[in-house]
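Everything below concerns the one structure shown next.
Read the figures in this text as sums done on the coordinates, not as results from a lab. Given the structure is predicted, the values throughout are model-derived calculations rather than measurements. Ideal geometry is used to build each Cβ from the backbone, glycine not excepted, and the neighbour counts take in all protein chains shown.
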Amino acid sequence: MIRPLNVYEAAMERLRVVFDYFDYVYVSFSGGKDSGVLLNLCIEYVRRHAPDRKIGVFHMDYEAQYSQTTEYVDRVLASDRDILEVYRCCVPFKVVSCTSMHQSYWRPWEEDKRDIWVRERPSGCLAAEDFDFFSDELWDYDFQMLFAPWLRRRKKCKRICCLVGIRTQESYNRWRAIHSDKNYKRLGNFKWTHRIDNDIYNAYPLYDWKASDVWAANGKFGWDYNRLYDLFWQAGVPVARQRVASPFISEGMASLKIYRAIDPDTWGKMVSRVNGVNFACIYGNTSAMGRKSVKCPPGFSWKEYMYFLLDTLPEDMRANYLDKLKVSKRFWREKGGCLGEAVIGKLREAGVEFTVGEHTAYRTDKRPVRMEYLDDIDIAEFREIPTYRRMCICILRNDHVCKYMGFALTKREKERKDEVMRKYKKMKDGSI
């Protein structure tokens with residue numbers, strides 16, 4: 001009887017596939033526990049099985065982060081230099097910010113803000129002028145996408161792969177990214193790979209690991225790790241909420257106050273660096289910013305409350321939300337959102353008027369439901385239904401892209417993304 005591989009053995013086998021097929025391999029290293037373990041696995045694999053190979057390490061340095069994370073990144077990038085090729089990027093791309101109603105994004109390492117940088121730019125890093133594709137319109141995720149063809153041209157290789165340390169245990173979206181067949185092309189039958197473009201892939205060798213596996217590996221092999229996690233544990237932060245990512249995104253609001261206790265020196269600089277940080281620290285886990293139980297004020301409908309909230313915003317932010325509301329209304333009226341039979345049954349029981357279509361362009365067993373916006377609906381799946389309550393929550397959370405509603409790209413955002421892709425194609429074809 002053949003013994004099944006444990007997660008460590010399975011990961012090493014996946015690395016064998018990657019290093020055998022691709023000319024160049026690099027790790028997307030954030031300074032977190034997952035990417036740290038992935039990089040250590042790659043170092044171990046190369047030392048044992050491919051001593052003639054080099055590993056790229058791609059680190060997007062966001063300037064404002066825990067000092068323990070910076071110290072860990074510094075240690076990692078300074079070690080194993082005989083096999084590591086470091087690309088530490090300190091670039092002023094746009095980064096989503098949910099701390100302020102006035103500012104939908106911020107830029108790390110923005111030159112005209114140098115006097116209030118959280119820390120100095122590290123030596124040996126890559127800046128905006130090192131990337132011929134960089135423009136002020138790039139978001140961090142655009143930069144990450146365009147980095148791969150830039151690196152492929154720099155290394156003069158054909159097939160290139162970025163290793164990413166995501167695990168399906170962390171969220172349903174990550175599980176779906178691995179197991180869904182929608183919009184993904186893979187390397188052979190390996191579901192843990194995604195083709196980004198011709199001969200450019202992402203791979204996720206740790207997709208089936210659990211958090212306990214990560215810490216078991218660190219303990220068993222004596223690998224270095226971000227000591228911030230020790231402080232998180234001592235502070236009573238649950239494992240699921242121990243984040244080292246950008247502190248200003250929606251997912252980081254509830255734990256932003258931990259910065260003040262764990263890293264007060266960095267916290268003092270962050271307050272003046274990004275608009276609304278202190279307010280988000282105080283109220284980020286309360287109903288004031290759309291968390292926990294959000295109630296409609298007495299005498300208001302949710303629709304009336306939404307317009308009241310909009311009137312408190314700067315004109316450009318107000319226009320942004322109204323534009324998204326307009327698009328959302330048209331979507332639900334003309335195309336319809338995909339809902340399961342159980343949710344459709346609850347809508348019928350609630351007396352909601354709607355029509356159900358038989359077919360949808362999406363790969364799903366759910367059916368398209370066309371309906372008008374409701375004020376609110378008292379069902380567990382209320383987040384799936386178009387209501388003014390959902391819009392109020394987005395506004396309270398400073399969720400400028402309406403991620404809470406699962407919002408798609410607006411026409412303006414799609415045009416910007418298409419422009420990025422045209423630049424990408426030119427780079428791929430060697431015309432720039």
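A few remarks follow.
- Crossing angle, helix 7-21 versus the chain [Cα axis fit, 0-90 degrees, rounded to tens]: 70 degrees
- Segment residue 174..residue 53, full-extension length gain: 40.6 nm, with 0.36 nm per residue of separation and the alpha-carbon distance subtracted.
- Positive-pole candidate from 10, 106, 357, dipole of the chain, charges at beta carbon: 357
- What the phi angles of segment 394-404 give under the Karplus curve with 6.51, -1.76 and 1.60, with θ = phi - 60°, is a coupling list of 4, 5, 5, 8, 6, 7, 5, 9, 6, 4, 4 Hz, glycine and proline written as x.
- Equivalent ellipsoid semi-axes - Cα gyration tensor, segment 99-154, angstrom: 23, 17, 9
- Whole-percent pair-distance distribution, where bins are 10 Å wide, for the alpha carbons of segment 57-99: 24, 49, 22, 5, 0
- Divide the volume of the convex hull around the Cα atoms of segment 302-396 by the residue count and you get 100 Å³ per residue.
- Equivalent ellipsoid semi-axes - Cα gyration tensor, the chain, angstrom: 38, 27, 23
- All alpha carbon pair distances within segment 129-201 were sorted into 10 Å bins beginning at 0; the resulting P(r) in whole percents reads 16, 42, 32, 10.
- Take the Cβ atoms of residue 74 and residue 114, set R0 to 25 Å, and the FRET efficiency comes out at 0.75.
- Charges were assigned to the Cβ only: +1 to each Lys and Arg, -1 to each Asp and Glu. The resulting dipole of the chain about its Cα centre is roughly 900 debye.
- Angle between the chain longest axis and helix 211-221 axis [Cα atoms, degrees, rounded to 10]: 20 degrees
- Theoretical ellipticity at 222 nm over the chain - DSSP helices of four or more residues, -39500 (n - 2.57) apiece, nearest 500: -12000 deg cm²/dmol
- The H on the amide N of residue 339, modeled in the peptide plane, is under 5 Å from the matching H of 367, 369, each at least 5 residues off or on a different chain.
- This model, with +1 at the C-beta of Lys and Arg and -1 at the C-beta of Asp and Glu, gives segment 17-168 a dipole about its Cα centre of some 660 debye.
- Principal-axis analysis of the Cα atoms of the chain puts helix 67-78 at an angle of about 30° to the longest axis.
- Length gained on full extension, residue 291 to residue 215: 24.3 nm, using 0.36 nm per residue less the C-alpha separation.
- Per-residue ³J(HN,Hα) for segment 267-275, Karplus 6.51 cos²θ - 1.76 cosθ + 1.60, θ = phi - 60°, Hz, x for Gly and Pro: 4, x, 7, 5, 4, 8, 7, 10, 4
- For segment 78-230, the Cα gyration tensor yields ellipsoid semi-axes of 28, 22, 20 Å (square root of five times each eigenvalue, largest first, whole Å).
- If the chain linking residue 312 and residue 376 were pulled fully straight, counting 0.36 nm for each residue of separation and taking away their Cα-Cα distance, it would gain 20.9 nm.
- Pairs from the list 185/324; 54/158; 156/191; 54/155; 33/220; 324/403 with a Cα-Cα gap above 19 Å: 185/324; 156/191.
- Around the amide H of residue 105, modelled in the peptide plane, lie the amide H atoms of 97, all under 5 Å away and 5 or more residues distant in sequence or on another chain.
- Amide H contacts of residue 196 (H built 1.01 Å from N, under 5 Å, at least 5 apart or other chain): 201, 202
- Sites matching GluC sites (Glu not before Pro) across segment 127-186 that sit in DSSP coil, with at most 14 neighbouring C-beta atoms within 10 Å: 137
- Couplings for segment 234-246, taken from phi via the Karplus curve 6.51 cos²θ - 1.76 cosθ + 1.60 with θ = phi - 60°, read 5, 7, x, 7, x, 3, 5, 10, 7, 10, 10, 6, 3 Hz in order; Gly and Pro are left as x.
- Remark on segment 1-87: hydrodynamic radius 14.0 angstrom, per the Kirkwood mean of 1/r across alpha carbon pairs.
- A simple packing score, the average count of other Cβ atoms within 10 Å per residue, orders the peptides 114-124, 324-334 as 324-334, 114-124, with the highest score first.
- Distances between every pair of Cα atoms in segment 362-404, grouped in 5 Å steps from 0 to the bin holding the largest one, split as 5, 20, 22, 24, 17, 10, 2 percent.
- Compactness of segment 303-348 is given as radius of gyration and Dmax, 14.5, 41 Å, from Cα positions.
- Note: relative contact order over the chain, using C-alpha pairs below 8 Å and six or more positions apart, is 16 percent.
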